Amino acid sequence: MLATVCAAAHAIEDRADAEPNKPVAPGQTIVRKLTPSLYRETAARSAFDLNLRGNREQDTFRAGQYRRGSEFQQTRAGYERQFGLTLGGYCSA
């Protein structure tokens, strides 16, 4: 049996091709991108990977699920907060 999955990435704010880690302007809504993927190999079972990435201002989140038949499964989640760091110091010659 041969199955093919065709799907497009869904995003908002016309930023489907934007890097999700790029900060969003203040007051802008959450930017998110959903990416489903199907991997087929001749030497291994097919695998399916579903990822949701997004950000709002300095906050970035990720969630994903990877499954390769009944052999392997992995659920992932992550969160990042961007902040500026100023290093002050004095130099003398």
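The values are calculated or read from the model by the stated rules, or taken from the named source; none is laboratory data. All values reported here derive from a predicted model rather than from experimental measurement. Here the Cβ is made from the backbone with ideal geometry for all residues, glycine too, and neighbour counts use every protein chain on show.
Tabulated values for the structure
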quantity: Set Thr75, Thr29, Thr42: member being loosely packed, with under 15 Cβ neighbours inside 10 Å, modelled with pLDDT of 95 or more and of a type in the set (Ser, Thr, Tyr); calculated: Thr75
quantity: Any pair with Cβ under 7 angstrom, 6 or more apart, that starts in the stretch 65-93 at a residue that is part of a loop (DSSP other than H, G, I, E, B) and among the charged types (D, E, K, R) and ends at one that is surrounded by 11 or more Cβ atoms within 10 Å (Cβ to Cβ) and modelled with pLDDT of 75 or more; calculated: Glu71/Arg45
quantity: Test: residue in the stretch 57-64 that is closer than 18 Å to Glu80 by Cβ and not in a strand (DSSP E or B); calculated: yes
